[in-house]
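S.K.: Would you mind keeping the following structure in view while I ask a few things?
Just so it is clear, none of the values below were taken in a lab; they were calculated from the coordinates. Quick caveat: nothing in here was measured; it's all calculated off a predicted structure. Positions of Cβ are backbone-derived with ideal geometry, glycine not excepted, and every protein chain shown enters the neighbour counts.
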Ligand code: ASP
């Protein structure tokens, strides 16, 4: 039986049903003068002037002022005396122009007000734990505990609206280009995306588990095998990683895949989409370079020490090994002799940095993984780098470096008198990581990154494998389905480190905004990659049978990309917290303070799942 039968569904009665609301508060203006309207919303503020009571009524569209006049309509006025902030009201009344001296030009509805004739209290409210009618700083945990109140605040409402519109824009954009939106399951099997899986115990098959998708990677490839040709999805991804900064255990991706394409097809599509999105939703921001520059992974690492450089500012890094290999400074020698690197950059105008701050900088670099940090201040009173003398050079290691060596370093890093040279020596990975952190930190302190600029770029030409020092094995920088570049297939086994891949990342302002690749679509090649990554035949069979089998049945060449919707929103809204662009986020420690999840469950539930919790 349908619900409508149970409730004596009567279409005629529905048509005649009295609506609670005829008009949105924020849409009213002088054009509506004289109209009778019925509004419904929340009390944003109430002012009792003894004689007249003013209520600012708020709904999703905005705020309008209601006036209760005891002389004309005594009973609604009486009731209005009792209402408080955040009560839910239904108000009928007439749109009337405000007198010239009471027009409020700060409000979009400030030229009119509603002379109330009827008032119904639809619900009351306790005093909220924080102001909703003010954009004041509120403890984030409290906001998350009462997220439904937090989301009433205009800035959060605007965020929800922009996110909705941006996602709709993406859907329309891809629909116009022939993409199919296909939903893929949430209960699947483990997928290698570099993180731990969230597991879901199966009640029906004791001891067996589903995994939540880290991404729909294999599913979208199987859709290519299915002949879908152009797929996209606004997909939820789940990754059980350690909490850190702006991570969330679940997040959303624009996930897409295409058949019969090469790198340019995917990158051109994403470039058009992102350009249009930013021109539409952030028209005041400037895209630094169009077309988006493409730089290789190696170049990014050399110049910026990272695969997601922020190119809104300089402080590019230089390899200094050749310049310091003959100096007396032991730290440089040791690094070079043990296969490490010596790299540095020049921080503009920081030569006068006080000793204590310099010590802090050294500690910062160590915290970021450096063994140490060498700084050399170049006095600003030198007329040029070529005129530097020993007196112009301030550094704890000055006695180990000749003036000529310092001049050479200054030239190589593009330093000027008044700048501070910063140099790190050690193993390449940790040295690059530390220098990248240092460069970002200084850019922030010196306000070098223009928030209005969007420095998009594609990082291309990634290695197919990266050596994992700790675990002594090869890893995929992206995932194992990435295809090698033409001409690199034959040497995979003999020299895995030299194989280049067809992967790419979209980077903006130092954030990884997306990543993808052209994929492998043949069983043999895929098996070889699994083997190099250390999977046994049995493991490969157990985990990847589905996709390897599909390769046997005419899977077309294909490739794709996934970009982060939250990262997109953070960039669009110029907000650097991921939690500000999600309706119901988890805290930084992955707790949901609203539902108080994760939580314990009943013994019975565990028993049903054949699960026992270890003490
Ligand atoms: N599935 C990948 C990821 O989530 C993206 C891709 O290769 O398309 O990073």
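S.K.: Find the relative contact order for segment 494-548 and round it to a whole percent, using C-alpha pairs within less than 8 Å whose residues are 6+ positions apart.
M.R.: Value for segment 494-548: 23 percent.
S.K.: Please determine, in degrees from 0 to 90 and to the nearest 10, the orientation of helix 537-551 with respect to the longest principal axis defined by the Cα atoms of the chain, where the helix direction is its Cα long axis.
M.R.: 60 degrees
S.K.: At 7 Å along the Cα-to-beta-carbon direction for both residue 576 and residue 469, put a label point, then send me their distance in nm to one decimal.
M.R.: With each label placed 7 Å out from Cα toward Cβ, I get 2.7 nm.
S.K.: Please label the shape of segment 333-389 as rounded, prolate or oblate, based on the square roots a ≥ b ≥ c of the eigenvalues of the alpha-carbon gyration tensor (a/c under 1.5 means rounded; beyond that, a/b larger than b/c means prolate, else oblate).
M.R.: oblate
S.K.: Here's a follow-up. Can you list the residues of segment 417-448 with backbone N under 16 Å from a point 7 Å past the Cα of residue 360, pointing along Cα to Cβ?
M.R.: Within reach of a label on residue 360: 438-447.
S.K.: Grab the Cα-Cα distance for residue 260 and residue 606, subtract it from 0.36 nm times how many residues apart they are, and report the gain in nm with one decimal.
M.R.: Result for the pair: 119.8 nm of gain on full extension.
S.K.: Would you give the gap between the C-alpha center of segment 66-88 and the C-alpha center of segment 362-424, rounded to a whole Å?
M.R.: First find each Cα centre; the distance between them is then 72 Å.
S.K.: A further question follows. With runs of 4+ DSSP H residues as the only contributors, calculate the mean residue ellipticity of the chain at 222 nm using -39,500 (n - 2.57) per run, divided by the residue total and rounded to the nearest 500.
M.R.: After summing the helix terms and dividing by the residues of the chain, the value is -8500 deg cm²/dmol.
S.K.: Let me ask something else about it. Cα axis of helix 523-532 to longest principal axis of the chain: angle in degrees, 0 to 90, nearest 10?
M.R.: 70 degrees
S.K.: What is the gain in length, in nm to one decimal, between residue 196 and residue 169 on full extension, counting 0.36 nm per residue of separation less the C-alpha to C-alpha distance?
M.R.: Answer, rounded to one decimal: 6.5 nm.
S.K.: Okay, next question. Would you please report the Å³ per residue occupied by the convex hull of the alpha carbon atoms in the chain?
M.R.: So the per-residue Cα hull volume is 255 Å³.
S.K.: Between residue 595 and residue 158, what is the label-point separation in nm under the 7 Å Cα-to-beta-carbon projection?
M.R.: 3.0 nm
S.K.: Now a separate question. Please determine, in degrees from 0 to 90 and to the nearest 10, the orientation of helix 263-281 with respect to the longest principal axis defined by the Cα atoms of the chain, where the helix direction is its Cα long axis.
M.R.: Between the helix axis and the principal axis of the chain, the angle is about 40 degrees.
S.K.: Which distance in Å, rounded to a whole number, links the C-alpha centroids of segment 441-494 and segment 566-610?
M.R.: Between the Cα centres of segment 441-494 and segment 566-610 lies a distance of 29 Å.
S.K.: Find how much the distance from residue 84 to residue 186 grows on full extension, using 0.36 nm per residue of separation minus their present alpha carbon separation; answer in nm with one decimal.
M.R.: 32.3 nm
S.K.: Going by average Cβ neighbours within 10 Å, how do the peptides 371-382, 387-398 rank, with the highest at the top?
M.R.: 371-382, 387-398
S.K.: R0 = 22 Å: FRET efficiency of residue 538 with residue 613, Cβ-based, nearest 0.05?
M.R.: E(calc), rounded to 0.05, equals 0.15.
S.K.: In nm, to one decimal, how far is the residue 298 label point from the residue 319 one, both placed 7 Å along Cα→Cβ?
M.R.: Spacing of the two 7 Å Cα→Cβ label points: 0.9 nm.
S.K.: Hey, what's the Kirkwood Rh for segment 261-300 if you take every pair of different alpha carbons, in angstrom?
M.R.: 11.5 Å
S.K.: In addition: Quick one: if the Förster radius is 41 Å, what FRET efficiency do residue 546 and residue 416 give, using the C-beta to C-beta distance and rounding to 0.05?
M.R.: 0.10
S.K.: Run the numbers on the chain and let me know its relative contact order in percent, using alpha-carbon pairs under 8 Å that are six or more apart.
M.R.: 13 percent.
S.K.: Something else now. Under the classification rounded if a/c is under 1.5, otherwise prolate if a/b is larger than b/c and oblate if not, where does segment 349-484 fall, given a ≥ b ≥ c as square roots of the Cα gyration tensor eigenvalues?
M.R.: Prolate.
S.K.: Still on this structure: Rounded, prolate or oblate, given the Cα gyration tensor of segment 189-300, with a/c below 1.5 counting as rounded?
M.R.: prolate
S.K.: With the alpha-carbon atoms as the only input, what is the per residue convex hull volume for segment 89-247 in Å³?
M.R.: About 255 Å³ per residue, rounded to a whole number.
S.K.: Let's test this: bin the Cα-Cα distances of segment 412-560 at 10 Å from zero up to the farthest pair and state each bin's percent.
M.R.: With 10 Å bins starting at 0, P(r) equals 9, 29, 29, 18, 11, 3, 0.
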